[in-house]
């Protein structure tokens, strides 16, 4: 027999307005499935948890189908009857489910016994100095590589090495390492771990040896009274939240213990002394530091002993520029190694062809080509393997010489010619498929490949344009007959009657090159990446 109940969650780590679904085996007295869902999830969530209880029960239970189900909600009873009618499972209503009540009371008892995040006697002082550090905001000046040493010699801690989080605006806080070895080891593990290995990153995170303080937005946390049980600490936390609008979290990371979101008394004393010294150091010297400038600076402070305030503890705070430089070099080496492992792709440039230029693909009569070769101001002859051999076998069985025409103003045409010549001349002309992922529109991209290996976009043609489809078909046919021999004509006369139909006197340059296929280019389909400010 299975019994189920929807329970309002009071767990601090669960959604405030959530429900806990429990499916309990009444015969064996064990929980087969439990889930926490939002209060508006609906009865379907109950069914999903039921299926889990049947097929994948907790505690290594054996998969089984119940003969009878008890629920204490009439609406869920009727819903389950409709869903399970073909499985011959009896669904009954029971006003009380003592076994589930007992289990839930046990969960609440565990929550009530949970220790506060900070020892009560140090909470107010820690929240006070933490608020001062939040207002100073060291992450606006320092990144994670700018390490500060706080030499305490207090308790069982000699020196804490402070790494500041938050310059990237993702998570604000301070990591207080008990040794430089732990700090460097974690940094190295993070740098070498790939993005697709979250398990390795999690293991590296849990192996750190440090105390931590983080700040999170209030939206991620319930009210203070749901987080702490001590009245004084609750009041201090409420005051902090009201002043800053953030939630401070404290804890400990240790290779043997993992993460513990609670500070013991000796840890609370250490973190209080360290934060008070850091606050004074930031107040005096933070203006002299930034992400590029991290000079060597040292100050000494006398901090009240948390156990005996009449006594003072001498604390030395120092910047460690040599460690910061070492961590930076470590990051650069990892970045260089990652770049070396990436495949190299050519960059597609779109700044060579003038924006207002007219471009088209067509054919030039062979007689006109012969004349143009002799009168044009700038002429790049074809290489021998492109048909311009000594025998001049150019595939003149074609109805014309395939050319790309780019027509613009005289100054811009001259700049275009000079740009091609500076790149070593024109090597090839190609058409490659392209796509705009936002509009899903498909394009035929006209590309010029220069002898220095660069690719330049000269035109975008819609795949739905019937004029281009026909012109492209003829282009491929002509290039096949000429064995890939083609050319680029650059002409002046963008305006007036010569637009799109330049005369020989308007043509300023002829670059003879090779037509290559998309497969030969080897880029595959190109996608437009939108630029968002």
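The values are calculated or read from the model by the stated rules, or taken from the named source; none is laboratory data. A quick note: this is a predicted structure, and the numbers were derived from the prediction, not measured. When we count neighbours, we look across all protein chains shown, and the Cβ atoms used for this are built from the backbone with ideal geometry, even at glycine.
Being touching a helix residue (DSSP H, G or I) at 6+ places or on another chain (Cβ under 6 Å), in a helix (DSSP H, G or I), modelled with pLDDT of 95 or more and within 22 Å of residue 167 (Cβ to Cβ) holds for only one residue in 211, 191, 275, and it is 275. Note on the range 142-157: residues that are part of a loop (DSSP other than H, G, I, E, B) and surrounded by 20 or more Cβ atoms within 10 Å (Cβ to Cβ) amount to 4.
One residue stands out among those in the range 1-38 that are part of a loop (DSSP other than H, G, I, E, B) and modelled with pLDDT of 70 or more: the one that is farthest from residue 67 (Cα to Cα), which is 29. Screening residue 426 on (1) touching a strand residue (DSSP E or B) at 6+ places or on another chain (Cβ under 9 Å); (2) over 14 Å from residue 353 (Cα atoms) shows it passes everything except condition (2). Please pick out the residue among 133, 162 that is surrounded by 18 or more Cβ atoms within 10 Å (Cβ to Cβ), at pLDDT 95 or above, assigned by TED's automatic domain parsing to the domain that holds residue 306 and in a helix (DSSP H, G or I). Of 133, 162, the one residue that is surrounded by 18 or more Cβ atoms within 10 Å (Cβ to Cβ), at pLDDT 95 or above, assigned by TED's automatic domain parsing to the domain that holds residue 306 and in a helix (DSSP H, G or I) is 133.
The condition of being closer than 19 Å to residue 510 by Cα and in the same structural domain as residue 517 (by TED's automatic domain parsing) holds for only one of 453, 446, 434, 496, that being 446. Summed over the range 288-313, residues that are touching a residue at least 40 places away in the same chain (Cβ under 8 Å) and not in a loop (DSSP other than H, G, I, E, B) total 1. Scanning the range 445-488 for residues that are outside any strand (DSSP E or B) and either under 24 Å from residue 424 (Cα atoms) or under 37 Å from the mean Cα position of the chain (by Cα) (or both) yields 451, 452, 453, 454, 463, 464, 479, 482, 483, 484.
Here the condition is being under 19 Å from residue 29 (Cα atoms), surrounded by 15 or more Cβ atoms within 10 Å (Cβ to Cβ), touching a helix residue (DSSP H, G or I) at 6+ places or on another chain (Cβ under 8 Å) and assigned by TED's automatic domain parsing to the domain that holds residue 23; of 70, 50, 80, it holds for 50 alone.
For the range 174-184, give me each residue that is surrounded by fewer than 20 Cβ atoms within 10 Å (Cβ to Cβ) and in contact with a strand residue (DSSP E or B) (Cβ under 8 Å, 6 or more places away or on another chain). Residues satisfying the conditions are 179, 180, 182. Taken over the range 301-327, the criterion of being within 12 Å of residue 276 (Cβ to Cβ) and touching a strand residue (DSSP E or B) at 6+ places or on another chain (Cβ under 7 Å) is satisfied by 301, 302, 303, 304, 305, 312, 313, 315, 317.
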